[in-house]
Amino acid sequence: MTKVSASIVTYNNVKYIETAVGTLLDSVKDPEIDFRLFVFDNGSTDGTIELLKEKFSADPRFTLKCGGDNIGFGKAHNKMLSEFDNFKADYHCVVNPDVVIKDDIVSKMVNYCNEHPDVVQLSPRICFPDGRDQILGKKKPHIWYLAASRLRGDEPSKLLSSYAMLDADYSKPFEIWNATGCFMFFKGDAFRKIGGFDDRYFMYFEDCDITRTLKKHGKVLFFPDAIVYHVWARDSKRNTKLKIIHIQSMLKYYLKWRTL
């Protein structure tokens, strides 16, 4: 029996959270996988907590923990490290509250990692709800790549195409430096070894950071056989407060890794 845990951090996500939790729980069908989902609420005031209790409290695979304040993405996920350790999970998923899971991707990733012991992290294929691929960075987040991402139009520029490695063969796994935070799949021992996320990041760049850290311990791969459907509101492009947080996190990343 393989043990897999997952964590979702939510903050005022009542619009999406039921679908994310419900489809994730429903998707894990392999009888050889013992699955647990831990949700940490960052002080929601929009009915998220009440909805989760009503819809999922009867499911023994589901655990809800509530914090009083919004402490950020990485720090909140780290709050559930004790649950992850107590469960003795072989693998761990970090999941956004605005995703939809349509098939048993957890089993696919478990099977692949069991066959490839040198892999410490997988990043699934991320699509919009209508099935279109989301153009997401897979190389180190060079400052010019980020500028291209901010200025993106309807068609990806040459820089953005390079950042997303669109010229790679998407029919098979390949190594990457940057895995999107909306769904991350970790080998349990590696996740324990690094102590989870660097919680100096409130939001943004913690996914780039943990990917780069884990590459010291094994391979990080893009895994196109698993598909996650993601709303991807890109709030930091419209919200001034989130834009400032994004810039602050970017500076923390570049200072830590001494690179632009």
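The values are calculated or read from the model by the stated rules, or taken from the named source; none is laboratory data. Note that the coordinates shown come from a computational prediction; the quantities given were computed from them, not determined experimentally. Because the Cβ atoms are built from the backbone with ideal geometry, glycine has one as well, and the counts that use them run over all protein chains shown. The area values use the complete protein model at the heavy-atom level, side chains included, leaving out ligands, DNA and RNA. Shrake-Rupley method; radii C 1.70, N 1.55, O 1.52, S 1.80 Å.
Projecting the Cα atoms of 134, 217, 171 onto the charge dipole of the stretch 120-219, computed from C-beta unit charges around the Cα centre, puts 217 farthest toward the positive end.
As a length-normalised measure over Cα pairs under 8 Å and 6 or more apart, the relative contact order of the stretch 180-260 settles at 34 percent. Per residue, the chain exposes 47 Å² of solvent-accessible protein surface, assessed with a 1.4 angstrom probe and all protein chains in place. Charged side chains reduced to their Cβ positions (Lys and Arg at +1, Asp and Glu at -1) give the chain a dipole of some 1140 debye around its Cα centre. The HN-Hα couplings worked out from phi for the stretch 113-129 by the Karplus form 6.51 cos²θ - 1.76 cosθ + 1.60 (θ = phi - 60°) are 5, 4, 7, 10, x, 7, 8, 10, 7, 10, 10, x, 6, 10, 10, 5, x Hz, whole numbers, x standing for Gly and Pro.
When the solvent-accessible area of the stretch 1-148 is split by element, carbon and sulfur atoms take up 50 percent of it, the probe being 1.4 Å. Of the trypsin sites (Lys or Arg not before Pro) found in the stretch 26-57, those that fall in a DSSP loop while having at most 13 other beta-carbon atoms within 10 Å are 29. Taking amide hydrogens as placed 1.01 Å from N in the peptide plane, the amide H of residue 127 sits under 5 Å from those of 134, 228, 229, 230, each at least 5 positions away in sequence or on another chain.
May I ask you to derive the relative contact order of the chain, considering only C-alpha pairs under 8 Å and at least 6 residues apart, and to give it as an integer percent? Relative contact order for the chain comes out at 24 percent.
The aspartates and glutamates within cross-link reach of residue 158, meaning a Cα-to-Cα straight distance under 16 Å and a gap of 8 or more places when in the same chain, are 167.
Taking label positions 7 Å along the Cα-Cβ direction at both residue 132 and residue 248, the computed distance is 3.3 nm, reported to one decimal.
In sequence order, the stretch 5-20 has phi-based couplings of 10, 9, 10, 10, 9, 10, 8, 6, 10, 4, 5, 10, 4, 4, 5, 4 Hz under the Karplus curve 6.51 cos²θ - 1.76 cosθ + 1.60, θ = phi - 60°, and Gly or Pro positions carry x. Which trypsin sites (Lys or Arg not before Pro) from the stretch 113-199 combine a DSSP loop assignment with at most 10 other Cβ atoms within 10 Å? Passing sites in the stretch 113-199 are 132.
Within the listed set 49, 210, 143, the residue fluctuating most in the Gaussian network model of the chain (springs between alpha-carbon atoms under 10 angstrom) is 143.
Of the GluC sites (Glu not before Pro) found in the stretch 16-85, those in coil by DSSP whose Cβ has at most 16 other Cβ atoms within 10 Å are 32. Pairs over the 18 Å Cα-Cα cut-off, from the set 3/88; 219/252; 193/252: 219/252; 193/252.
Taking the charge dipole of the stretch 55-212 about its Cα centre, with +1 at Lys and Arg Cβ atoms and -1 at Asp and Glu Cβ atoms, the residue from 80, 123, 62 reaching farthest to the positive side is 80. Counted residue by residue at 0.36 nm each, then reduced by the alpha carbon distance between them, the extension gain from residue 66 to residue 255 reaches 64.8 nm. Kirkwood analysis of the Cα pair distances in the chain returns a hydrodynamic radius of 18.6 Å. By the rule of a C-alpha distance below 20 Å, with chain neighbours fewer than 8 residues away ignored, the aspartates and glutamates paired with residue 256 are 198, 199, 206, 207, 209.
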